[in-house]
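Data first, discussion second: the structure below is written as structure tokens.
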Amino acid sequence: MKRRVVGVGFLASAAALLVATPGVLAAAGVKDWRLLAGAALVVPIAALLAGVWKTRFENAVQSRETHARELAKGTFAPAGKLPRVRDITDPVRAVGVHPARRRDSGGDRVPAYVPRDFDGRLRAALAAPGFILLVGDSTAGKTRSAFEAMRAVLPDHRLVMPVRRDGVAAAVAEAMTLRHCVLWLDDLEGFLGPGGLTRKEVAELLDGPGHHRIVLATLRAAEEDRLASGDDDEGRRLSREGRAVLEQADRILVERLFSAPEKERAAGLADDDSRIADALSSADVLGVPEYLAAGPQLKEEWERAWARGTHPRAAALIAAAVDLRCAGFASPLPRALLSETHEYYLEKRGGSRLNPEPEEKAWEWATRLRDSGNAPLHAGDDDTYELFDYLLDDVQRAAPPGTHTPEETITAALRHARADDAHEIAATAYGQGRYRLSETALLQAIEARKNELGPEDPTVLAARTNLAVVLGDMGRLEESDAEQRAALEIATRVLGPDHLDTLDARSNLVNLLYLRGRLDEAETEQRALLAVLERTVGPEHPTTLIARNTLGLVLTDLGRLDEAEIEHRAELEASARVLGTDHPETLASRNNLARVLHELGRLEESEAEYRALLEAGERVLGRDHPHMLIARNNRAAVLAEAGHADEATSELRAVVETSERVLGPDHPDTVDRRQGLARLEARD
């Protein structure tokens, strides 16, 4: 009845397993070979050097050709050449600015730019080498502001713009050869992950004198929250690696609603463009860029499409796309997958009673460009589709905690998922406490990466470490231990003992020692690990904080409660300051402090901590999340000991019922809670 949150999150996800990719080799040249004495040696040595030169030249040519192919495949390069910023005349097609409806008189799909309050700061930042990140809601105007600033300040710079994640390595390598360039990353989250942008690449690109290189990126606020704060508990590696990239950026917030000065500037342009005038009429409720991009109109169209005899099948296709993205499927969505999964959403809303249209008609409606130039689903390459991101943002904002993509949709998604998407799905499922789904997705990702990259690739090791965490949370401790030790051995040998991935694996192994009751061994190993972490990444790094949390748990179970309280209070204060009060690791810390207070007999303090934890945790994770079940179970124990037997029994019954449904009847936590309930009922 007293198993607790220990604060070890999911270690990796496809959104942030940032693996450095080797740079493309520069062209090889012949060194200044010195003429050797002796006429008899001249011809043989010359022939030998000619052979060496030829081999190196051929290797250099092959390297350049390989790089050129990779660059052409994954980077925006009209006519095979990187454009200059000034050459971009259509920001809709080239850089992803959301179009607006055309004026009645025709003309541009993009209205005149309304200067934003942050433009001065943005343009000043572009005047020197650096990484600038614009963050805000979908259709807040991030991309347009970045484009206008880039065009005003850096018109002669080369624009290096990968179009997908697997083009990042070639794009960075090309940028390294240029003295004046902009690496453009619209929707940054799509460029993080295996083969994507790394902290190391950003640092090397911007390091040193004699260049003016810029990394200019945009990021939706919901994605920043996911990457930086880890509220969905996708795990330490995702949060750590995402933050590692984000922390290098000069962050500029783009507000959705215009300020009063921005409205005044827009009013000055409204006489020449009725679209801006229309947008200003709703500017107290909707952002001007949001209105111009027709996000609210598309949302209303989608909602109306569910009506009987209109476009309910098209609405179901869009609903399936939204849920697939929420589940972690980040790549463009295959048409076959949407066709397969949309039936669930159609049936849920009424099925044949809605008199749905034929599927071809549904696809026509869902992909038809509106006057704004946008559509709910945009056709991409290889029969895939991209969801208009405003619709995803709107659903995510409105969804209460505990809202999850149905299991049948995830199962279908895995049949179409590449390794990256399978890993992202695993991370999302883990964060939601859906451990069995997470295990299934991880096994698929591991097998695919082994086949593609080999068994000792860092992404394979990360996925195996994640699998060990999932197995541990499922109560399969022996399997978890074996998987973790195997991954740790390879990581130590391949990455080195002080690599953060290796230290993560060590931290997880300590957690397993704790769960298996090997407390003295766990304390010794954890103190040794903390010494390394404090030396390599610092005392307030998230991995260090998690290690301190686990040490506090070990001290508690060793009966050294005063030491444990000091450790947990210090770690809780640091976690709240560094990660935020609602971060899952902070919530775990609060749970573990409440447990120490309980063990010390300070029941009122303990119960108050549990109540505060549950109020925040249920808002962030949902009442039925496994971590919240642990906290609810622990609070019930405090209530029982404090003499509130009826309330404790009622709460524990609810926890047992939910545990059986969420974790399964044979999970160790479920068994433990049933036994605790039986003891409590027998005492009444």
Condition check: in contact with a helix residue (DSSP H, G or I) (Cβ under 7 Å, 6 or more places away or on another chain), part of a helix (DSSP H, G or I) and surrounded by 22 or more Cβ atoms within 10 Å (Cβ to Cβ). Does LEU324 satisfy that? yes
I need the full set of residues from region 105-129 which are of a type in the set (Lys, Arg) and either assigned to a helix (DSSP H, G or I) or free of Cβ contacts under 8 Å to residues at least 60 places away in the same chain (or both), in order please. ARG121, ARG123
If we scan region 282-295, do we find a residue that is within 30 Å of the chain's Cα centre (by Cα), modelled with pLDDT of 95 or more and hydrophobic (A, V, I, L, M, F, W, C)? no
From the options GLU439, GLU424, residue that is acidic (Asp, Glu) and surrounded by fewer than 24 Cβ atoms within 10 Å (Cβ to Cβ): GLU439
Could you look through region 327-336, keep only residues that are surrounded by fewer than 22 Cβ atoms within 10 Å (Cβ to Cβ) and either in a helix (DSSP H, G or I) or modelled with pLDDT of 95 or more (or both), and pick out the one that is nearest to the chain's Cα centre (by Cα)? PRO334
For helices (runs of 4 or more DSSP H) lying entirely in region 374-480, having 1 or more residues that are modelled with pLDDT of 95 or more and touching a strand residue (DSSP E or B) at 6+ places or on another chain (Cβ under 7 Å) picks out 407-416
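Can you give me the number of residues within region 383-398 that are touching a residue at least 12 places away in the same chain (Cβ under 8 Å) and out of contact with any helix residue (DSSP H, G or I) (no Cβ under 8 Å at 6 or more places or on another chain)?
Looking only at that region, the number is 2.
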Can you tell me which residues in region 552-578 are in contact with an Asp or Glu (Cβ under 7 Å, 6 or more places away or on another chain), surrounded by fewer than 24 Cβ atoms within 10 Å (Cβ to Cβ) and within 16 Å of ASN591 (Cα to Cα)? LEU555, LEU561, ALA574
Out of curiosity, is GLU585 buried (at least 24 other Cβ atoms within 10 Å of the Cβ), in contact (Cβ under 8 Å) with a residue 60 or more places away in the chain and within 22 Å of GLU540 (Cα to Cα)? yes
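Quick grid of which residues meet (1) modelled with pLDDT of 85 or more; (2) in contact with a Phe, Trp or Tyr (Cβ under 6 Å, 6 or more places away or on another chain); (3) under 30 Å from ARG179 (Cβ atoms); (4) assigned by TED's automatic domain parsing to the domain that holds TYR390:
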residue	(1), (2), (3), (4)
THR55	no, no, no, no
GLN62	no, no, yes, no
THR66	no, no, yes, no
ARG84	yes, no, yes, no
ILE88	yes, no, yes, no
VAL95	yes, yes, yes, no
PHE118	yes, no, yes, no
Against the condition among the aliphatic types (A, V, I, L, M) and in contact (Cβ under 8 Å) with a residue 40 or more places away in the chain, how does ALA419 come out, does it pass? yes
Given the structure, is GLY106 surrounded by fewer than 18 Cβ atoms within 10 Å (Cβ to Cβ), under 24 Å from ALA270 (Cα atoms) and either modelled with pLDDT under 95 or not hydroxyl-bearing (Ser, Thr, Tyr) (or both)? yes
Could you list, in sequence order, the residues of region 358-388 that are acidic (Asp, Glu) and either surrounded by 15 or more Cβ atoms within 10 Å (Cβ to Cβ) or on the phi < 0 side of the Ramachandran plot (or both)? GLU359, GLU360, GLU364, ASP371, ASP381, GLU386
Of all residues in region 515-540 being modelled with pLDDT under 90 and either surrounded by 18 or more Cβ atoms within 10 Å (Cβ to Cβ) or in contact with a Ser or Thr (Cβ under 7 Å, 6 or more places away or on another chain) (or both), the one that is nearest to HIS598 (Cα to Cα): LEU515
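The values are calculated or read from the model by the stated rules, or taken from the named source; none is laboratory data. All values reported here derive from a predicted model rather than from experimental measurement. Every residue, glycine as well, gets a Cβ built from its backbone with ideal geometry; the counts of neighbours run over all protein chains shown.
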